[in-house]
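The values are calculated or read from the model by the stated rules, or taken from the named source; none is laboratory data. Fair warning: this is a prediction, and the values are worked out from it, not measured in the lab. Every residue, glycine as well, gets a Cβ built from its backbone with ideal geometry; the counts of neighbours run over all protein chains shown.
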């Protein structure tokens, strides 16, 4: 009788864990669908991504010398060209760009499931692992569907890792392709690529040597094509400019970032580690299972490095999250098999505890999906700001929201984040182009090139605005509690002394 009760508890907790994983996926999909067609940005440089896609669609070069008119983001071209293809099919808006990221997120779930299922033959654990990645949505800043490169980059990385664990001819070529796509989506993939192949060559030098040769040849070819298309400016943004970034070196900041990455996932890590540290048979039974453990450490380090980079946000944790999800699925399977060898009563009791720990891990990551979905009041607030720009005379400079003038049928100018990359906000200023840009900004202000300038702060590159413009402040009611748009609510409205300012009641 006691055995039956314990077996019932085991099944109940196993079912509840399944529900927790399913709800995590459901909530993520619900948020993604709800935000897909929101007409304005939900993250501070979504607009810059959209403008780069528009440049592709209008035949303008993606990488050029930086100027006040246009500065590309530092990311390689794959995400922008793929988004441009989808935009050509669906029309110009943020939806095609977010759709690319959303499909990449869905692809991550599929690959996580396939990795765990192919190594354990346990679909239950595979589903839990996939669901756990969906549960990490709030830990990365509600980033899965954002119109940026991150989700696509993570999808290419996890797919390349999965294919690298297979030695058939098809996987040999496909893994090379996905490594190249990862690097040309976000260049930090190189940090994962190098240790990955060092490990793979140790496992099977001949086959993985061929894999490495194909990847390097393909990557060099892709780099050559990009250099032919955009000349030295591709190398400038792909490699040279990022070398001016600096990282936080204070021990307290490193400790906080490390805790921020580890503590929310501590139960998943606790479940995963024994399978890779205590079971020698696991290392000999399937030689590529330890490879996943090794790549978890690599992507964990990559995520921590990204967070310590000046200006790094929690979106950089996504590579670590995707691998810890894989580890959780494998670890869950390992524990179930380990506990199966105990007596039926003890096995059911300990499995119930195992499932309960996993449930607590999912619950600890819970969030209200409604809190991160923009509402009509926010769309109307953005629309008022757009109308404010539209009725203003002449060009309007809004560096933080440089896509809004385009929506208002005006010219766009450089994005603030792209400008910050050059003037040294994330490290050291790049000396040559920083000087050229600073001179260009001063000349544009002296000539009063803009009928209106909207700035959150009158410092840095914009500290001389008040020498040539009259400025006042207004507040925007765009940020509601929980809405994940990191844009300040107060702006400086600057206009030439002789100009009649636009009616601010449009935005207040």
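Being in the same structural domain as residue 307 (by TED's automatic domain parsing), over 30 Å from residue 263 (Cβ atoms), surrounded by fewer than 20 Cβ atoms within 10 Å (Cβ to Cβ) and modelled with pLDDT under 95: is that true of residue 232 here? Here the answer is no, as residue 232 does not meet what is asked. Residues considered: 251, 267, 217. Of these, the only one that is surrounded by 13 or more Cβ atoms within 10 Å (Cβ to Cβ) and more than 21 Å from the chain's Cα centre (by Cα) is 267.
Has segment 41-54 got any residue that is under 30 Å from residue 400 (Cα atoms), more than 19 Å from the chain's Cα centre (by Cα) and surrounded by 14 or more Cβ atoms within 10 Å (Cβ to Cβ)? Yes, segment 41-54 contains a residue that is under 30 Å from residue 400 (Cα atoms), more than 19 Å from the chain's Cα centre (by Cα) and surrounded by 14 or more Cβ atoms within 10 Å (Cβ to Cβ). In summary, residue 394 fulfils each of the numbered conditions (1) buried (at least 20 other Cβ atoms within 10 Å of the Cβ); (2) closer than 27 Å to residue 55 by Cα with the single exception of condition (1). One residue alone among 453, 436 is farther than 27 Å from residue 386 by Cα and in the same structural domain as residue 495 (by TED's automatic domain parsing), and that residue is 436. Do we find that residue 185 is surrounded by 14 or more Cβ atoms within 10 Å (Cβ to Cβ), in contact (Cβ under 8 Å) with a residue 40 or more places away in the chain, assigned by TED's automatic domain parsing to the domain that holds residue 306 and assigned to a loop (DSSP other than H, G, I, E, B) in this structure? For residue 185, the condition - surrounded by 14 or more Cβ atoms within 10 Å (Cβ to Cβ), in contact (Cβ under 8 Å) with a residue 40 or more places away in the chain, assigned by TED's automatic domain parsing to the domain that holds residue 306 and assigned to a loop (DSSP other than H, G, I, E, B) - is met.
Filtered by the rule that a residue be within 24 Å of residue 126 (Cβ to Cβ) and modelled with pLDDT of 90 or more, segment 263-287 gives 264, 265, 266, 267, 268, 269, 270, 271, 272. Looking across segment 88-121, the residues that are farther than 23 Å from residue 320 by Cβ and over 15 Å from the mean Cα position of the chain (by Cα) come down to 88, 89, 90, 91, 92, 93, 94, 95, 96, 121.
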